[in-house]
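In what follows, a single structure is set out as structure tokens and then discussed.
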Amino acid sequence: MKSLMITVATAALSVAAVPAVSQAQEVYGTVGYANVDADGPTLGALQGRLGYKFNPYVGIEGEAAFGITDDTVGLLDVELKHEVGAFVVGFLPVSPKADLFARVGYSSTSFDTSLGDVDDDGVAWGFGGQYHFTDKDGVRLDWTRHDYDVGSADVWAVAYTRKF
């Protein structure tokens, strides 16, 4: 898995080295709610992202989430402690205010259960869309699949997005 992370980082740095001739570069952030379906328990999280678009089509983003609701499955209590990830993002502008996107990266997650802590990491990938109501403010909807060594999680998120 570490080789995948190195490959993703190398690809991101390679893209960063290509000059964006007359292409607007952009820093953005999001904050929102994520619904985590972790192969049984369904958890809620506060999720934030910080991203950089090298041009209208390619960017990178970092992500962090912290659990805000937990779940009990049978006799097992489960809580999301935190999740962090890094992604390469491909954007498809469909209008001046709207984008579709796909992303692939690597994430690490920590769960607290009544049987002890569970830490896992792996490849994460997904897609979504965003719409900006103003030049700076918008909304983002997305789905991300986290494939871990031990299991997987499907994460649906809705977030406020802000361009800086």
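Each value in this text was obtained by applying a stated rule to the coordinates, not by laboratory testing. What you see is a predicted model, and the numbers here were worked out from it, not measured in a lab. Positions of Cβ are generated from backbone atoms using ideal geometry, with glycine treated the same way; all protein chains shown enter the neighbour counts.
At-a-glance table
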quantity	calculated
Selection count where residues are out of contact with any strand residue (DSSP E or B) (no Cβ under 9 Å at 6 or more places or on another chain) and among the acidic types (Asp, Glu), scope region 69-90	0
Within region 121-136, tally of residues that are closer than 22 Å to TYR33 by Cβ and touching a strand residue (DSSP E or B) at 6+ places or on another chain (Cβ under 6 Å)	10
Where PHE87 falls short, out of the listed (1) farther than 15 Å from ARG49 by Cβ; (2) touching a helix residue (DSSP H, G or I) at 6+ places or on another chain (Cβ under 9 Å)	(1)
Index of the failed condition, TYR106 passing every other in (1) in contact with a helix residue (DSSP H, G or I) (Cβ under 6 Å, 6 or more places away or on another chain); (2) more than 20 Å from ALA153 (Cα to Cα)	(2)
Subset of region 90-120 [among the polar types (S, T, N, Q) and farther than 20 Å from GLY32 by Cα]	SER95, THR113, SER114
